[in-house]
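For reference, the structure discussed in these notes is given below.
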Amino acid sequence: QVHNFCSSSFLLHSLTRRTAKHFNELATMRVLSVFAILATLAVVAFGQSLDLSGTFEQCNFADNIFTRLEIDGDLDARASILGGGCTGVNAYLIETEFRIRVDDVNSDGSFDVNYDYTRATATPYSSEAVDAFEVSCPQQSFQINRSTNVLSCLFCSDRQYDILKIIDNGNKFYLGNDVDACTTAARPTDYETDAFQVAASSNNTPNDSPNNSPNNSPNNSPNNSPNNSPNNSPNNNSPNNNSPNGSSDATLVIPSLVAALLALALLF
(Lines give C-alpha, C1' and ligand atoms only; values in the text may rest on other atoms or scores of the structure.)
Protein backbone atom coordinates (compact mmCIF):
# COMPACT_ATOMS: atom_id res chain seq x y z
CA GLN A 1 0.00 0.00 0.00
CA VAL A 2 2.87 2.31 0.87
CA HIS A 3 4.45 1.48 -2.49
CA ASN A 4 1.21 2.19 -4.32
CA PHE A 5 0.78 5.46 -2.42
CA CYS A 6 4.30 6.56 -3.28
CA SER A 7 3.77 5.64 -6.92
CA SER A 8 0.51 7.58 -7.01
CA SER A 9 2.15 10.58 -5.35
CA PHE A 10 5.00 10.49 -7.89
CA LEU A 11 2.56 10.32 -10.80
CA LEU A 12 0.48 13.15 -9.35
CA HIS A 13 3.56 15.29 -8.81
CA SER A 14 4.79 14.57 -12.34
CA LEU A 15 1.38 15.38 -13.81
CA THR A 16 1.21 18.60 -11.83
CA ARG A 17 4.64 19.71 -13.10
CA ARG A 18 3.72 18.89 -16.69
CA THR A 19 0.41 20.74 -16.37
CA ALA A 20 2.13 23.78 -14.87
CA LYS A 21 4.73 23.73 -17.64
CA HIS A 22 1.98 23.47 -20.24
CA PHE A 23 0.11 26.45 -18.80
CA ASN A 24 3.32 28.46 -18.58
CA GLU A 25 3.97 27.75 -22.25
CA LEU A 26 0.41 28.79 -23.13
CA ALA A 27 0.75 31.99 -21.08
CA THR A 28 4.04 32.80 -22.80
CA MET A 29 2.49 32.22 -26.23
CA ARG A 30 -0.45 34.46 -25.36
CA VAL A 31 1.82 37.24 -24.13
CA LEU A 32 3.89 37.01 -27.32
CA SER A 33 0.70 37.04 -29.39
CA VAL A 34 -0.53 40.16 -27.59
CA PHE A 35 2.80 41.90 -28.19
CA ALA A 36 2.68 40.89 -31.86
CA ILE A 37 -0.84 42.30 -32.21
CA LEU A 38 0.13 45.52 -30.47
CA ALA A 39 3.21 45.85 -32.66
CA THR A 40 1.10 45.32 -35.78
CA LEU A 41 -1.41 47.92 -34.64
CA ALA A 42 1.42 50.34 -33.94
CA VAL A 43 2.83 49.84 -37.42
CA VAL A 44 -0.61 50.32 -38.98
CA ALA A 45 -1.26 53.42 -36.91
CA PHE A 46 2.14 54.85 -37.82
CA GLY A 47 1.60 54.02 -41.48
CA GLN A 48 -1.72 55.86 -41.48
CA SER A 49 -0.45 58.92 -39.63
CA LEU A 50 -0.88 62.21 -41.42
CA ASP A 51 1.51 65.03 -40.57
CA LEU A 52 -0.16 68.10 -42.02
CA SER A 53 -0.10 70.78 -39.34
CA GLY A 54 0.18 74.38 -40.43
CA THR A 55 -1.70 77.11 -42.27
CA PHE A 56 -2.50 76.62 -45.96
CA GLU A 57 -4.21 78.66 -48.65
CA GLN A 58 -5.90 77.83 -51.94
CA CYS A 59 -7.34 79.95 -54.73
CA ASN A 60 -9.99 78.06 -56.67
CA PHE A 61 -9.76 80.18 -59.79
CA ALA A 62 -12.61 78.53 -61.68
CA ASP A 63 -15.13 79.52 -58.99
CA ASN A 64 -13.16 82.47 -57.57
CA ILE A 65 -13.10 81.00 -54.04
CA PHE A 66 -10.23 81.66 -51.64
CA THR A 67 -9.78 79.18 -48.76
CA ARG A 68 -7.54 79.54 -45.73
CA LEU A 69 -7.08 76.32 -43.78
CA GLU A 70 -5.49 75.97 -40.32
CA ILE A 71 -4.63 72.43 -39.14
CA ASP A 72 -3.15 71.54 -35.76
CA GLY A 73 -1.13 68.48 -34.76
CA ASP A 74 -4.29 66.52 -33.85
CA LEU A 75 -5.77 67.19 -37.32
CA ASP A 76 -8.38 69.55 -35.90
CA ALA A 77 -8.98 72.10 -38.64
CA ARG A 78 -10.55 75.50 -39.19
CA ALA A 79 -11.39 76.79 -42.65
CA SER A 80 -12.30 80.29 -43.82
CA ILE A 81 -13.78 80.32 -47.31
CA LEU A 82 -14.15 83.68 -49.01
CA GLY A 83 -16.31 83.76 -52.12
CA GLY A 84 -14.77 86.10 -54.67
CA GLY A 85 -11.64 86.24 -52.54
CA CYS A 86 -9.26 85.44 -55.38
CA THR A 87 -10.16 88.74 -57.10
CA GLY A 88 -11.17 90.79 -54.07
CA VAL A 89 -14.94 90.68 -54.68
CA ASN A 90 -15.71 89.23 -51.23
CA ALA A 91 -19.30 88.11 -51.79
CA TYR A 92 -19.61 85.79 -48.78
CA LEU A 93 -17.66 84.08 -46.00
CA ILE A 94 -18.07 80.52 -44.76
CA GLU A 95 -16.26 79.46 -41.59
CA THR A 96 -16.03 75.82 -40.49
CA GLU A 97 -14.42 73.65 -37.84
CA PHE A 98 -13.88 69.93 -38.34
CA ARG A 99 -11.70 66.93 -37.53
CA ILE A 100 -9.70 65.21 -40.29
CA ARG A 101 -9.49 61.43 -39.93
CA VAL A 102 -7.40 59.01 -41.99
CA ASP A 103 -9.30 56.03 -43.36
CA ASP A 104 -6.51 54.43 -45.36
CA VAL A 105 -3.16 54.98 -47.05
CA ASN A 106 -3.13 54.23 -50.76
CA SER A 107 -0.32 52.61 -52.74
CA ASP A 108 0.62 55.94 -54.35
CA GLY A 109 1.12 57.59 -50.95
CA SER A 110 -2.19 59.46 -51.00
CA PHE A 111 -4.68 59.25 -48.14
CA ASP A 112 -8.35 58.36 -47.95
CA VAL A 113 -9.71 60.78 -45.36
CA ASN A 114 -13.00 61.90 -43.90
CA TYR A 115 -14.17 65.11 -42.27
CA ASP A 116 -16.35 65.35 -39.19
CA TYR A 117 -17.77 68.89 -39.08
CA THR A 118 -18.63 70.46 -35.73
CA ARG A 119 -19.35 74.06 -36.73
CA ALA A 120 -20.24 75.99 -39.88
CA THR A 121 -21.50 79.52 -40.39
CA ALA A 122 -22.16 81.58 -43.50
CA THR A 123 -22.04 85.36 -43.81
CA PRO A 124 -23.32 86.90 -47.06
CA TYR A 125 -21.98 90.26 -48.15
CA SER A 126 -24.43 90.84 -51.00
CA SER A 127 -28.11 90.27 -51.75
CA GLU A 128 -27.13 87.75 -54.43
CA ALA A 129 -25.26 85.70 -51.86
CA VAL A 130 -28.27 85.90 -49.51
CA ASP A 131 -30.51 84.49 -52.26
CA ALA A 132 -28.04 81.72 -53.07
CA PHE A 133 -27.79 80.60 -49.43
CA GLU A 134 -31.54 80.68 -48.95
CA VAL A 135 -32.01 78.34 -51.92
CA SER A 136 -29.81 75.72 -50.29
CA CYS A 137 -30.92 76.43 -46.71
CA PRO A 138 -34.63 77.31 -47.02
CA GLN A 139 -35.19 76.78 -43.29
CA GLN A 140 -32.65 79.45 -42.42
CA SER A 141 -32.86 83.22 -42.64
CA PHE A 142 -29.88 85.11 -44.03
CA GLN A 143 -28.99 88.79 -43.81
CA ILE A 144 -26.09 90.74 -45.23
CA ASN A 145 -23.12 90.92 -42.81
CA ARG A 146 -24.79 88.49 -40.36
CA SER A 147 -23.48 84.97 -39.77
CA THR A 148 -25.95 82.06 -39.80
CA ASN A 149 -25.51 78.43 -38.78
CA VAL A 150 -25.37 76.27 -41.93
CA LEU A 151 -24.00 73.05 -40.47
CA SER A 152 -27.25 71.15 -41.02
CA CYS A 153 -27.90 72.24 -44.60
CA LEU A 154 -24.58 72.77 -46.41
CA PHE A 155 -22.65 69.75 -45.14
CA CYS A 156 -22.97 65.98 -44.98
CA SER A 157 -25.19 64.93 -42.09
CA ASP A 158 -22.65 62.32 -40.97
CA ARG A 159 -19.20 62.59 -42.56
CA GLN A 160 -17.70 63.79 -45.79
CA TYR A 161 -15.24 61.50 -47.58
CA ASP A 162 -12.27 62.74 -49.56
CA ILE A 163 -8.80 61.97 -50.90
CA LEU A 164 -5.64 63.90 -50.06
CA LYS A 165 -2.18 63.87 -51.57
CA ILE A 166 0.82 65.72 -50.15
CA ILE A 167 3.68 66.98 -52.33
CA ASP A 168 6.70 69.26 -52.02
CA ASN A 169 7.72 67.97 -48.57
CA GLY A 170 4.40 68.91 -47.03
CA ASN A 171 4.31 72.44 -48.40
CA LYS A 172 1.44 71.60 -50.76
CA PHE A 173 -1.41 69.16 -50.98
CA TYR A 174 -4.38 68.40 -53.21
CA LEU A 175 -7.91 67.37 -52.27
CA GLY A 176 -10.53 65.51 -54.28
CA ASN A 177 -12.79 67.39 -56.68
CA ASP A 178 -16.17 66.15 -55.41
CA VAL A 179 -17.79 67.98 -52.50
CA ASP A 180 -20.91 65.81 -52.32
CA ALA A 181 -19.18 62.64 -51.10
CA CYS A 182 -21.33 61.83 -48.08
CA THR A 183 -20.65 58.08 -48.40
CA THR A 184 -17.49 56.05 -48.92
CA ALA A 185 -18.83 54.93 -52.31
CA ALA A 186 -18.98 58.56 -53.42
CA ARG A 187 -15.39 59.29 -52.42
CA PRO A 188 -13.70 61.22 -55.29
CA THR A 189 -11.01 59.61 -57.39
CA ASP A 190 -9.63 62.75 -59.08
CA TYR A 191 -8.04 65.83 -57.60
CA GLU A 192 -8.81 69.51 -57.79
CA THR A 193 -6.75 71.58 -60.19
CA ASP A 194 -5.57 74.07 -57.57
CA ALA A 195 -3.32 73.03 -54.69
CA PHE A 196 -3.36 74.13 -51.08
CA GLN A 197 -0.02 75.76 -50.33
CA VAL A 198 1.68 76.89 -47.12
CA ALA A 199 0.32 80.36 -46.39
CA ALA A 200 2.64 83.28 -47.03
CA SER A 201 2.06 84.47 -43.46
CA SER A 202 2.76 81.03 -41.97
CA ASN A 203 5.88 80.37 -39.93
CA ASN A 204 6.67 77.51 -42.27
CA THR A 205 8.92 78.38 -45.17
CA PRO A 206 7.64 76.73 -48.33
CA ASN A 207 10.07 75.44 -50.90
CA ASP A 208 7.94 76.64 -53.77
CA SER A 209 7.86 74.23 -56.62
CA PRO A 210 4.97 75.45 -58.78
CA ASN A 211 5.12 72.61 -61.23
CA ASN A 212 4.54 69.72 -58.80
CA SER A 213 1.22 68.02 -59.26
CA PRO A 214 0.20 65.11 -57.00
CA ASN A 215 0.47 62.56 -59.75
CA ASN A 216 3.74 63.72 -61.22
CA SER A 217 7.36 63.98 -60.11
CA PRO A 218 8.88 67.40 -59.29
CA ASN A 219 10.69 67.51 -62.60
CA ASN A 220 7.66 67.01 -64.78
CA SER A 221 6.42 69.56 -67.27
CA PRO A 222 4.58 72.60 -65.79
CA ASN A 223 1.55 71.74 -67.89
CA ASN A 224 0.76 68.55 -65.98
CA SER A 225 -2.36 68.81 -63.81
CA PRO A 226 -2.94 66.53 -60.81
CA ASN A 227 -5.03 64.28 -63.00
CA ASN A 228 -2.64 64.35 -65.98
CA SER A 229 -4.66 66.79 -68.07
CA PRO A 230 -2.01 68.41 -70.29
CA ASN A 231 -3.27 71.99 -70.26
CA ASN A 232 -3.89 72.56 -66.57
CA SER A 233 -1.02 73.63 -64.35
CA PRO A 234 -1.93 73.08 -60.69
CA ASN A 235 -0.59 76.44 -59.59
CA ASN A 236 -1.15 78.46 -62.73
CA ASN A 237 -2.76 81.72 -61.66
CA SER A 238 -5.02 81.94 -64.66
CA PRO A 239 -8.73 82.08 -63.70
CA ASN A 240 -9.56 80.23 -66.91
CA ASN A 241 -8.11 76.94 -65.70
CA ASN A 242 -10.54 74.05 -65.58
CA SER A 243 -10.30 70.99 -63.38
CA PRO A 244 -9.65 67.66 -65.12
CA ASN A 245 -13.28 66.60 -64.83
CA GLY A 246 -14.87 69.93 -65.56
CA SER A 247 -15.27 70.65 -61.83
CA SER A 248 -13.15 72.76 -59.55
CA ASP A 249 -15.34 72.85 -56.46
CA ALA A 250 -14.05 73.98 -53.09
CA THR A 251 -13.90 70.55 -51.54
CA LEU A 252 -13.89 71.51 -47.88
CA VAL A 253 -16.74 73.93 -48.01
CA ILE A 254 -19.96 73.85 -49.93
CA PRO A 255 -21.92 71.41 -52.10
CA SER A 256 -21.71 71.86 -55.84
CA LEU A 257 -25.22 73.34 -56.11
CA VAL A 258 -24.37 76.13 -53.69
CA ALA A 259 -21.02 76.69 -55.39
CA ALA A 260 -22.79 77.08 -58.73
CA LEU A 261 -25.38 79.50 -57.34
CA LEU A 262 -22.76 81.60 -55.61
CA ALA A 263 -20.53 81.58 -58.69
CA LEU A 264 -23.46 82.93 -60.71
CA ALA A 265 -24.08 85.54 -58.03
CA LEU A 266 -20.54 86.81 -58.40
CA LEU A 267 -21.19 87.59 -62.07
CA PHE A 268 -23.74 90.29 -61.26
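If you average the sequence gap of Cα pairs under 8 Å that are 6 or more apart and divide by the length of region 71-122, what percent do you get for the contact order?
That works out to 31 percent.
With Cβ to Cβ distances under 12 Å as the rule, what net charge do the other residues near Gln140 carry (K, R +1; D, E -1)? Could you put the intermediate results ahead of the total?
On the way: positive: Arg146; negative: Glu134.
Value of the local net charge: 0.
At R0 = 41 Å, how high is the FRET efficiency between Ile144 and Ser107 if r is their beta carbon distance? Nearest 0.05 is fine.
Given R0 = 41 Å and the Cβ-Cβ separation, E is 0.25.
What accessible area, in Å² to the nearest ten, does a 1.4 Å probe give for Asp180?
Around 70 Å² of this residue is reachable by solvent.
Given 0.36 nm per residue, what is the gain on full extension from Asp158 to Asn90 after removing their alpha carbon distance, in nm?
Between Asp158 and Asn90, full extension yields an extra 21.5 nm.
As an exercise, identify the trypsin sites (Lys or Arg not before Pro) in region 113-171 lying in DSSP coil whose Cβ has no more than 12 other Cβ atoms within 10 Å.
Arg146
Which part of region 74-91 falls in the paramagnetic zone of Asp116, meaning amide N under 18 Å from the point 7 Å along Cα-to-beta-carbon?
Under 18 Å, as judged by backbone N against the label point of Asp116, lie 74-79 of region 74-91.
Could you state how much accessible area Cys86 has, in square angstrom rounded to the nearest 10, with a 1.4 Å probe and all protein chains kept in place?
40 Å²
At 1.4 Å probe size, with no ligands or nucleic acids counted, give the accessible surface of Thr87 in Å², nearest ten.
100 Å²
The values are calculated or read from the model by the stated rules, or taken from the named source; none is laboratory data. Since the model is a prediction, treat every value here as computed from it, not as a measurement. Cβ sites come from the backbone with ideal geometry, for glycine too, and all protein chains shown count toward neighbours. Heavy atoms of the whole protein, side chains included, go into the accessibility calculation; ligands, DNA and RNA do not. Shrake-Rupley method; radii C 1.70, N 1.55, O 1.52, S 1.80 Å.
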